[in-house]
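Novice: Quick one: structure below, then a few questions.
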Amino acid sequence: VQLQASGGGLVQAGGSLRLACTASGMAVGDHLVAWYRLAPGRQRELVAEIDGLVKTDYADSVKGRFTISGDNAANTVYLSMNGLKHEDTAVYYCYTSRHNFDYWGQGTQVTVSS
(Lines give C-alpha, C1' and ligand atoms only; values in the text may rest on other atoms or scores of the structure.)
Protein backbone atom coordinates (compact mmCIF):
# COMPACT_ATOMS: atom_id res chain seq x y z
CA VAL A 1 0.00 0.00 0.00
CA GLN A 2 1.24 3.45 -0.91
CA LEU A 3 -0.39 6.82 -0.32
CA GLN A 4 0.64 9.87 -2.35
CA ALA A 5 -0.42 13.23 -0.92
CA SER A 6 -0.51 16.42 -2.95
CA GLY A 7 -2.17 19.80 -3.18
CA GLY A 8 -0.57 21.79 -0.40
CA GLY A 9 0.69 25.31 -0.82
CA LEU A 10 0.68 28.87 0.43
CA VAL A 11 -2.66 30.63 0.70
CA GLN A 12 -3.98 33.76 2.37
CA ALA A 13 -6.31 33.52 5.34
CA GLY A 14 -9.85 32.94 4.14
CA GLY A 15 -8.67 31.11 1.05
CA SER A 16 -9.13 27.54 -0.10
CA LEU A 17 -7.05 24.51 -0.99
CA ARG A 18 -7.83 20.96 -1.96
CA LEU A 19 -5.54 18.15 -0.90
CA ALA A 20 -5.50 14.80 -2.68
CA CYS A 21 -4.43 11.40 -1.38
CA THR A 22 -4.04 8.85 -4.16
CA ALA A 23 -3.72 5.24 -3.10
CA SER A 24 -2.11 2.25 -4.73
CA GLY A 25 -2.31 -1.31 -3.51
CA MET A 26 -5.72 -0.78 -1.98
CA ALA A 27 -9.13 0.55 -2.89
CA VAL A 28 -10.03 3.69 -0.97
CA GLY A 29 -13.70 2.78 -1.20
CA ASP A 30 -13.13 -0.34 0.88
CA HIS A 31 -11.24 1.20 3.77
CA LEU A 32 -11.03 4.07 6.20
CA VAL A 33 -8.76 6.88 5.03
CA ALA A 34 -7.92 9.85 7.20
CA TRP A 35 -6.12 13.16 7.07
CA TYR A 36 -3.90 14.17 9.98
CA ARG A 37 -1.86 17.31 10.45
CA LEU A 38 1.24 18.18 12.40
CA ALA A 39 2.26 21.73 13.24
CA PRO A 40 5.44 22.82 15.04
CA GLY A 41 5.03 22.65 18.80
CA ARG A 42 1.68 20.89 18.56
CA GLN A 43 0.55 17.28 18.74
CA ARG A 44 -0.54 15.39 15.67
CA GLU A 45 -4.22 16.03 15.10
CA LEU A 46 -6.83 13.96 13.30
CA VAL A 47 -8.47 16.38 10.89
CA ALA A 48 -11.03 14.24 9.06
CA GLU A 49 -11.72 10.66 8.11
CA ILE A 50 -13.90 8.83 5.63
CA ASP A 51 -14.91 5.19 5.77
CA GLY A 52 -16.05 3.40 2.64
CA LEU A 53 -16.32 6.81 0.96
CA VAL A 54 -19.56 7.30 2.88
CA LYS A 55 -19.18 7.78 6.62
CA THR A 56 -17.27 10.92 7.57
CA ASP A 57 -16.05 12.53 10.75
CA TYR A 58 -14.27 15.80 11.45
CA ALA A 59 -12.30 17.51 14.16
CA ASP A 60 -14.31 20.24 15.83
CA SER A 61 -11.74 22.80 14.70
CA VAL A 62 -12.52 22.20 11.02
CA LYS A 63 -16.24 21.37 11.02
CA GLY A 64 -18.11 23.53 8.56
CA ARG A 65 -14.91 24.53 6.74
CA PHE A 66 -13.35 21.27 5.55
CA THR A 67 -14.94 18.47 3.54
CA ILE A 68 -13.51 15.00 3.03
CA SER A 69 -14.62 13.06 -0.03
CA GLY A 70 -13.45 10.34 -2.34
CA ASP A 71 -13.44 9.10 -5.90
CA ASN A 72 -13.41 5.38 -6.58
CA ALA A 73 -12.36 5.77 -10.20
CA ALA A 74 -9.36 7.90 -9.27
CA ASN A 75 -8.78 5.87 -6.10
CA THR A 76 -8.27 9.19 -4.34
CA VAL A 77 -9.49 10.83 -1.16
CA TYR A 78 -9.75 14.62 -1.14
CA LEU A 79 -9.73 17.18 1.62
CA SER A 80 -11.36 20.42 0.51
CA MET A 81 -10.40 23.23 2.84
CA ASN A 82 -12.28 26.52 2.83
CA GLY A 83 -12.07 29.51 5.12
CA LEU A 84 -8.48 28.67 5.95
CA LYS A 85 -7.02 30.17 9.10
CA HIS A 86 -3.44 30.76 10.18
CA GLU A 87 -3.84 27.98 12.74
CA ASP A 88 -4.50 25.50 9.91
CA THR A 89 -0.84 25.85 8.93
CA ALA A 90 0.72 22.37 9.21
CA VAL A 91 2.02 19.41 7.29
CA TYR A 92 -0.97 17.30 6.29
CA TYR A 93 -0.65 13.51 6.04
CA CYS A 94 -3.07 10.96 4.72
CA TYR A 95 -3.36 7.69 6.56
CA THR A 96 -4.90 4.27 6.35
CA SER A 97 -4.53 0.98 8.14
CA ARG A 98 -4.70 -2.57 6.85
CA HIS A 99 -4.08 -5.80 8.71
CA ASN A 100 -2.99 -3.82 11.80
CA PHE A 101 -0.31 -2.00 9.82
CA ASP A 102 -0.35 1.78 9.49
CA TYR A 103 0.36 3.48 6.16
CA TRP A 104 1.16 7.17 5.83
CA GLY A 105 1.55 9.43 2.85
CA GLN A 106 4.62 11.63 2.62
CA GLY A 107 2.93 14.80 3.84
CA THR A 108 2.08 18.02 2.09
CA GLN A 109 2.72 21.47 3.56
CA VAL A 110 -0.15 23.90 3.99
CA THR A 111 0.80 27.44 4.94
CA VAL A 112 -1.85 30.05 5.65
CA SER A 113 -0.65 33.64 5.82
CA SER A 114 -2.54 35.96 8.13
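The values are calculated or read from the model by the stated rules, or taken from the named source; none is laboratory data. Everything numeric here is computed off the predicted structure, so don't read it as measured data. Please note: Cβ atoms are built from the backbone with ideal geometry, for glycine as well, and neighbour counts cover all protein chains shown. In case anyone asks, the SASA skips ligands and DNA or RNA and just uses the protein heavy atoms, side chains included. Shrake-Rupley method; radii C 1.70, N 1.55, O 1.52, S 1.80 Å.
Novice: Please compute, over every Cα-Cα pair in the chain, the percentage with a separation greater than 19 angstrom.
Specialist: 39 percent
Novice: Rounded, prolate or oblate: which fits segment 30-70 when a ≥ b ≥ c are the square roots of the eigenvalues of the alpha-carbon gyration tensor, with rounded for a/c under 1.5 and prolate only if a/b beats b/c? The partial results should precede the final answer.
Specialist: On the way: a/c = 3.09, a/b = 1.70, b/c = 1.82.
Cα axes put segment 30-70 in the oblate bin.
Novice: Could you calculate the FRET efficiency of K85 with Q2 from 1/(1 + (r/R0)^6), where r is the beta carbon distance between them and R0 is 35 Å, rounded to 0.05?
Specialist: With R0 = 35 Å, the Cβ-Cβ based efficiency is 0.70.
Novice: Can you compute the FRET efficiency between F101 and N75 using 1/(1 + (r/R0)^6), with r the Cβ-Cβ distance and R0 = 22 Å? Round to the nearest 0.05.
Specialist: Once rounded, the FRET efficiency stands at 0.70.
Novice: Starting from 0.36 nm per residue, how many nanometres of slack lie between S114 and D51 once their C-alpha separation is accounted for?
Specialist: Between S114 and D51, full extension yields 19.4 nm more.
Novice: Now for a separate question. Ignoring any ligand, DNA or RNA, what whole percent of the accessible area of the chain comes from carbon and sulfur when the probe is 1.4 angstrom?
Specialist: Here carbon and sulfur together make up 47 percent of the probe-accessible area.
Novice: Same structure again: Taking a probe of 1.4 Å, how large is the accessible area per residue of the chain, in Å²? Provide the component values of the computation, followed by the final result.
Specialist: Details: 5980 Å² over 114 residues.
Here the residues of the chain average 52 Å² of exposed surface.
Novice: Let me ask something additional. How charged is the neighbourhood of S97? Take every other residue with its Cβ under 13 Å from the Cβ of S97, and add Lys/Arg as +1 and Asp/Glu as -1.
Specialist: -3
Novice: Consider a paramagnetic label point 7 Å from the Cα of Q12 along Cα→Cβ; state which residues of segment 60-94 have an amide N under 20 Å from it.
Specialist: Zone members listed by number: 81-90.
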